[in-house]
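Okay, so here's the structure we're looking at.
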Amino acid sequence: MINILMIEDDPEFAELLSEYLSQYDIKITNFEDPYLGLSAGVKKYDLLILDLTLPGMDGLEVVEEVVRKYDIPIIISSARSDIQDKLDGFALGADDYLPKPYDPKEMYARITSLLRRFSKSQNTMALSPQNDFEKKGDTLYFKGKALSLTPAEFEVLSLLIKHQGITQSREQIINTAGTMSIDSQGKSLDVIISKIRTKLGEINPDESKRIQAVRGIGYKLV
């Protein structure tokens, strides 16, 4: 069974979606209050469906909180049509954005597609000839050797590994790395990247080149 956490302040809408998805062995647990949803043990769920207009806390704040603490795919389900909301949601780490109203069939298709892609992404964390990275708890291993990383370095490198081959903007990296300071918009991120490169290079000098700068955008792991 697929267990989905939903934070949606329209209980009727949540119930209709829940009834439809139940035929596919998908269980939705909905919370109208975002604070209750965040305290419900997010990591025990397979995916989060999130409204943006919520009581007491904006949905974009929820995205930021979840991305900082958990590794779970997020689908924003919102009637807010402002393109900036969509851009902000993706920049903060949301994986998909489905405007309301929508057919439940489309939500089902997006859930299955996202979980399939997320599963593949998780598998890239396993040790392999192509990747050479392995994650065990709070430790990252490279070519079988544990990397001594600060919390910020761990978060940045984990993000680059998760999206290997895909450029991550500076904003995406900074927003995901919750341990980075507010003033990390500039040189602090570059310093962190430099230190990660040095630590990879200590294992093999050529490996420091695995993290490439993409001019005007950010960084990617190759």
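Any chance you could run the full-extension gain for residue 169 through residue 2? It's 0.36 nm times the residue separation minus the Cα-Cα distance, nm to one decimal. Numbers along the way, then the final one.
Working: separation 167, 0.36 × 167 = 60.12 nm, distance 3.12 nm.
Result: 57.0 nm gained on full extension.
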Query raised in the report: What is the spin-label model distance, in nm, from residue 81 to residue 105 if the labels are put 7 Å beyond Cα along the C-beta direction?
Result: 2.4 nm
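Rounded to the nearest 0.05, what FRET efficiency do residue 58 and residue 215 have when you use their Cβ-Cβ distance and R0 = 30 Å? Intermediate values should be presented prior to the final figure.
Working: r = 33 Å, r/R0 = 1.10.
The computed FRET efficiency comes out at 0.35.
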**Report entry** Size of charge dipole - the chain - debye, nearest 20, with Cβ of Lys, Arg +1 and Asp, Glu -1, no other charges
**Finding:** 1480 debye
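Loop-only check: which GluC sites (Glu not before Pro) in region 1-34 are DSSP coil with at most 16 other Cβ within 10 angstrom? Let's see the in-between values first.
Values: sites: 8, 12, 15, 19, 32; in loops: 8, 32.
Filter output for region 1-34: 32.
Add -39500 (n - 2.57) for each DSSP H run of 4 or more in the chain, then divide by its residues: what number comes out at 222 nm, to the nearest 500 deg cm²/dmol?
Numbers: 8 runs with 94 residues, N = 222.
Calculated at 222 nm, the ellipticity per residue is -13000 deg cm²/dmol.
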Requested in this report: Could you pull out every one of the lysines with an alpha carbon less than 22 Å from that of residue 43, ignoring same-chain neighbours closer than 8 positions?
Outcome: 27, 69, 120, 135, 136, 162
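Set the Förster radius R0 to 30 Å, insert the Cβ-Cβ distance between residue 148 and residue 65 as r into 1/(1 + (r/R0)^6), and round the FRET efficiency to 0.05.
Numbers: r = 28 Å, r/R0 = 0.93.
It comes to 0.60.
Can you tell me the relative contact order of the chain? Whole percent, Cα pairs under 8 Å, sequence separation 6 or more.
On the way: 337 pairs, mean separation 30.0, N = 222.
Answer for the chain is 14 percent.
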Requested in this report: With an 8 Å cut-off on Cα pairs and a minimum separation of 6 or more residues, tell me the relative contact order of region 2-120 in percent.
Outcome: 23 percent
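We did not get these values from a lab; they are worked out from the coordinates using the rules stated. This is a predicted model, so every value here is computed, not measured. Cβ sites come from the backbone with ideal geometry, for glycine too, and all protein chains shown count toward neighbours.
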